[in-house]
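Asker: Here it is, the structure, as structure tokens.
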Amino acid sequence: MTHYPHLLAPLDLGHVTLPNRVLMGSMHTGLEETKDWNRVAEFYAARARGGVGLMVTGGMAPNREGGVFPGAAGLFSDEDIANHKVVTDRVHDAGGRIAMQILHAGRYAYGPECVSASGIKSPISPFPPKELDEAGIEKQIADIVTSASRAREAGYDGVEIMGSEGYFINQFLVRHTNKREDRWGGSYENRMRLPIEIVRRTREAVGADFIIIYRLSMIDLVPDGSTFDEVVQLAQEIEKAGATIINTGIGWHEARIPTIATSVPRAAFTWVTKKLMGKVGIPVITSNRINTPEVAEEVLAGGAADMVSMARPFLADADFVAKAMAGKSDQIAPCIACNQACLDHTFSGKISSCLVNPRACFETELTITPADQPKTIGVVGAGPAGLSAAMTAAERGHQVTLFDRADDIGGQLNMARVIPGKEEFHGLVDWFRTMVAEHEISLQLGRNVAAGDLEGFDEVIIATGVVPRDPGIDGQDGPNVLSYIDVLRHKAPVGDRVAIIGAGGIGFDVAEFLVHEGESPTENLDLWREEWGIGDPSETRGGLAPEGPQPEAPARQITLLQRKAEAPGKRLGKTTGWIHRAALRMKDVKMMGGVNYEKIDAQGLHVSQGEARENPTVIEADTIILCSGQLPERTLADALEAQGVACHVIGGADVAAELDAKRAINQGTRLAATL
Ligand code: FAD
Ligand code: NAP
Ligand code: SF4
């Protein structure tokens with residue numbers, strides 16, 4: 001008897017039956033652009049071996065003008081078809097099924113050739129699109145249909161037509177971006193014509209035994225977006241036009257509401273898909289922030305959809321489904337929805353990977369093989385660097401002892417997980433705990449290790465992390481001054497008026513921690529929807545609440561400061577920084593850049609501005625919190641070096657600047673893969 005009867009039930013699509021209800025959603029990883037087809041094939045084949053029901057590739061451009069960026073991959077030539085065949089063959093050999101996503105970016109295409117329904121520039125692109133004429137529209141449809149036919153030739157089991165997230169097709173659907181007065185604009189019947197024609201003509205071209213998924217924007221989250229009646233009408237027409245499955249799209253890329261970040265509650269948008277259930281006869285897929293088999297099962301059992309789409313969870317763990325089937329869901333490496341190694345990489349032009357799993361998209365390069373010679377390995381520090389090194393070494397057959405002076409594993413992750421909106425870090429620490437036990441690592445907690453304790457190991461790894469940087473401010477030893485560790489780890493009492501010194505990742509997190517009191521909105525969907533102003537698309541166009549965001553009043557009055565003259569928070573995550581900044585602005589947090597810290601006294605924090613130390617000001621505060629960065633904790637590494645004992649130093653103990661869990665885990669894994 002399976003633990004997940006709904007999730008692991010087969011799905012009959014007529015000409016093919018999927019073995020379970022799990023779709024690996026489309027992700028742009030950048031792999032196709034490497035043109036290393038063995039590497040692309042191995043990425044997908046690993047997920048096929050892991051048992052996923054159906055996979056969708058990253059978006060392929062149907063033509064040059066529709067590519068997300070210049071040079072975006074697509075099936076333009078016989079050579080492209082042959083290359084993609086390497087991928088589909090490998091997936092089929094592994095027992096999997098794969099559909100190719102066709103993504104026409106319209107006005108989101110990053111290039112001067114971009115086209116759309118009307119010549120209205122998007123707020124997230126510098127390029128105004130060219131308004132298509134009748135012949136131009138026909139060309140776009142024909143290119144999409146040709147792309148689908150080529151996908152079939154390349155051995156794909158189907159295509160996904162990207163009709164959501166504010167891309168080309170979406171741009172025709174709403175008046176906000178479609179001001180046309182011909183048969184492609186005006187009434188909703190006319191605005192729907194494009195997706196219907198695309199699906200109808202694609203079905204004609206590819207025949208009956210080919211999957212066509214249509215990704216439909218069910219809540220646009222932009223002004224003047226679709227109503228839910230329009231969503232239902234479109235879904236019914238898409239079914240008639242020949243689609244096999246309807247997938248859910250949530251929010252346009254230009255929406256100012258987070259839709260997949262870690263602070264978004266799990267399964268936060270499945271209620272939207274549920275509204276469509278029963279209105280169409282074909283299967284419906286739901287998506288966004290579903291990251292465990294338990295959540296997915298609950299969503300399906302609750303009747304919200306016929307199938308679930310998870311994308312990033314398959315970067316974190318290729319064997320997600322196989323582990324769920326084997327009743328080992330606690331061993332699934334959890335996607336914490338941080339975006340740090342996936343979307344942030346994509347938007348920086350780098351190959352995607354995963355913070356939790358550095359092997360994602362690097363399957364052919366970073367291999368974990370049994371060690372030739374099993375060794376005894378001592379690892380000091382059970383933060384993410386030490387944990388990943390210990391786990392990987394043990395997986396390879398080494399005998400590992402892992403020490404930490406704390407009474408639990410996790411290192412700084414234990415401070416990250418108390419921040420409202422970062423609850424997913426609990427799952428990461430829990431997973432590490434499971435894997436330490438699974439790999440029979442000897443865990444020695446409460447052990448403050450000195451150099452003499454490490455004799456007898458074949459290899460020693462030092463992962464002792466960091467110490468807070470001392471900012472050397474006059475008065476910082478006063479009773480009204482705390483460090484982030486006092487606040488987050490030791491829960492020291494904090495007054496009502498707070499000044500935070502340092503506006504890096506930790507300064508922002510401490511501010512987030514202190515403006516909240518009571519339940520985190522991430523754990524209460526109604527509260528979270530109110531906070532961000534998410535209404536019901538049945539009641540308001542695009543699903544934006546008419547009253548706008550209604551955050552709870554801040555629990556404290558906070559000023560967040562830095563010395564750099566730039567806007568605070570500018571260097572936070574590429575795809576999530578705006579969320580952190582917006583969240584604190586909603587809580588009236590005052591942000592100041594370009595300050596000098598003059599002194600701290602009972603009144604508060606005295607600052608001045610700029611090099612000339614002008615405008616002396618007192619920020620009246622009951623508590624001043626130091627978040628002024630970190631330095632390597634090298635006491636042990638230095639002592640070993642002084643004794644001439646060789647050791648490997650990783651994570652914060654190695655380099656503290658710009659350290660994050662992504663680098664710590666990557667470095668730990670890569671080191672252990674070589675020992
Ligand atoms: P640490 O996590 O610092 O672990 C070092 C461990 O070594 C500790 O457990 C310590 O007790 C132990 N130790 C030290 N000396 C000894 C000794 N002599 N004997 C035995 N044990 C010893 N990163 C992200 O990527 N994303 C985030 O969203 C994020 N949010 C964060 C939020 C907060 C509030 C904080 C504080 C950090 C956050 N980070 C985040 C940073 C991330 O947690 C660190 O980069 C990461 O933990 C560093 O890993 P590490 O293993 O090098 O060191
Ligand atoms: P950080 O991001 O480097 O920020 C340090 C802050 O301290 C900066 O605002 C800096 O600004 C200030 N500072 C530096 N030297 C100072 C000095 N001598 N006196 C006063 N202020 C000083 O480091 P962090 O906030 O400590 O975070 C540590 C690491 O954890 C970061 O590298 C980060 O990547 C990671 N982290 C990530 C996340 C995430 O969401 N991804 C969240 C939390 C932490 P000025 O120099 O301008 O004053
Ligand atoms: Fe998930 Fe973060 Fe990995 Fe991306 S990097 S897949 S969001 S855990």
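Asker: Just name the residue that is farthest from ligand 2 (Cβ to nearest atom) out of those in the stretch 381-435 that are charged (D, E, K, R), under 23 Å from the mean Cα position of the chain (by Cα) and not in a helix (DSSP H, G or I).
Answerer: Step one: of the stretch 381-435, the residues charged (D, E, K, R) are 395-396, 404-405, 407-408, 417, 422-424, 430, 433.
Applying the additional criterion that residues be under 23 Å from the mean Cα position of the chain (by Cα) yields 417, 422-424, 430, 433.
Remaining after also requiring not in a helix (DSSP H, G or I): 417, 422-423.
Values: 417: 12, 422: 8, 423: 14 Å.
The selected residue is 423.
Asker: Now for a separate question. What tally of residues in the stretch 21-41 results from selecting those that are modelled with pLDDT of 95 or more, more than 24 Å from the chain's Cα centre (by Cα) and part of a loop (DSSP other than H, G, I, E, B)?
Answerer: Residues meeting the conditions: 1.
Asker: If a residue has to be touching a Phe, Trp or Tyr at 6+ places or on another chain (Cβ under 8 Å), within 16 Å of ligand 2 (Cβ to nearest atom) and in the same structural domain as residue 275 (by TED's automatic domain parsing) to count, how many in the stretch 298-353 make the cut?
Answerer: 1
Asker: Also, quick follow-up: Please tell me if residue 107 is under 21 Å from residue 347 (Cβ atoms), assigned by TED's automatic domain parsing to the domain that holds residue 158 and part of a helix (DSSP H, G or I). Don't jump to the end; show me each part of the working.
Answerer: Values: under 21 Å from residue 347 (Cβ atoms): yes; assigned by TED's automatic domain parsing to the domain that holds residue 158: yes; part of a helix (DSSP H, G or I): yes.
Yes.
Asker: Another question, then. Could you list, in sequence order, all residues of the stretch 123-158 that are at pLDDT below 95 and either among the hydroxyl-bearing types (Ser, Thr, Tyr) or outside the structural domain of residue 62 (by TED's automatic domain parsing) (or both)?
Answerer: 125
Asker: Tell me the residue from 642, 664, 637 that is within 12 Å of ligand 2 (Cβ to nearest atom), in contact with a helix residue (DSSP H, G or I) (Cβ under 9 Å, 6 or more places away or on another chain) and not assigned by TED's automatic domain parsing to the domain that holds residue 565, please. Walk me through how you get there before you give the answer.
Answerer: Working: 642 fails: within 12 Å of ligand 2 (Cβ to nearest atom); 637 fails: within 12 Å of ligand 2 (Cβ to nearest atom).
Step by step, each of 642, 664, 637 is checked, and only 664 is within 12 Å of ligand 2 (Cβ to nearest atom), in contact with a helix residue (DSSP H, G or I) (Cβ under 9 Å, 6 or more places away or on another chain) and not assigned by TED's automatic domain parsing to the domain that holds residue 565.
Asker: Now a separate question. Would you be able to tell me the number of residues in the stretch 1-53 that are of a type in the set (Val, Ile, Thr), more than 21 Å from residue 83 (Cα to Cα) and surrounded by fewer than 21 Cβ atoms within 10 Å (Cβ to Cβ)?
Answerer: Residues in the stretch 1-53 being of a type in the set (Val, Ile, Thr), more than 21 Å from residue 83 (Cα to Cα) and surrounded by fewer than 21 Cβ atoms within 10 Å (Cβ to Cβ): 3 in total.
Asker: Test residue 462 against the stated conditions and say whether it is of a type outside the set (Lys, Arg), closer than 16 Å to residue 640 by Cα, within 13 Å of ligand 1 (Cβ to nearest atom) and within 33 Å of the chain's Cα centre (by Cα).
Answerer: On the way: of a type outside the set (Lys, Arg): yes; closer than 16 Å to residue 640 by Cα: yes; within 13 Å of ligand 1 (Cβ to nearest atom): yes; within 33 Å of the chain's Cα centre (by Cα): yes.
The answer is yes for residue 462.
Asker: Of a type in the set (Asp, Glu), outside any loop (DSSP other than H, G, I, E, B) and out of contact with any Cys (no Cβ under 9 Å at 6 or more places or on another chain): is that true of residue 598 in this structure?
Answerer: Working: of a type in the set (Asp, Glu): yes; outside any loop (DSSP other than H, G, I, E, B): yes; out of contact with any Cys (no Cβ under 9 Å at 6 or more places or on another chain): yes.
The answer is yes for residue 598.
Asker: Just to verify a result, which residue in the stretch 397-449, among those that are in contact with a helix residue (DSSP H, G or I) (Cβ under 6 Å, 6 or more places away or on another chain) and under 19 Å from residue 673 (Cβ atoms), is farthest from ligand 3 (Cβ to nearest atom)?
Answerer: 400
Asker: What number of residues within the stretch 482-500 satisfy the criterion of being within 15 Å of ligand 1 (Cβ to nearest atom) and either in contact (Cβ under 8 Å) with a residue 60 or more places away in the chain or among the acidic types (Asp, Glu) (or both)?
Answerer: Here is the first cut: in the stretch 482-500, the residues within 15 Å of ligand 1 (Cβ to nearest atom) are 482-492, 494, 500.
Filter once more, keeping what is either in contact (Cβ under 8 Å) with a residue 60 or more places away in the chain or among the acidic types (Asp, Glu) (or both): 482-489, 494, 500.
Result for the stretch 482-500: 10.
Asker: Are there any pairs, at least 6 apart or on different chains, whose C-beta atoms fall under 9 Å, with the first in the stretch 353-370 and within 12 Å of residue 314 (Cβ to Cβ) and the second among the hydroxyl-bearing types (Ser, Thr, Tyr) and assigned to a loop (DSSP other than H, G, I, E, B), and if so, which?
Answerer: Filtered contacts from the stretch 353-370: 360/29; 360/352; 360/353; 361/29; 361/352; 361/353.
Asker: Same structure, new question: Could you identify the single residue in 464, 522 that is touching a Gly at 6+ places or on another chain (Cβ under 7 Å), at pLDDT 95 or above, closer than 30 Å to residue 626 by Cβ and in a loop (DSSP other than H, G, I, E, B)?
Answerer: On the way: 522 fails: in a loop (DSSP other than H, G, I, E, B).
Criteria check complete, one pass: 464.
The values are calculated or read from the model by the stated rules, or taken from the named source; none is laboratory data. The shown structure was predicted, so the numbers you read here are calculated from the model rather than taken from an experiment. Positions of Cβ are backbone-derived with ideal geometry, glycine not excepted, and every protein chain shown enters the neighbour counts.
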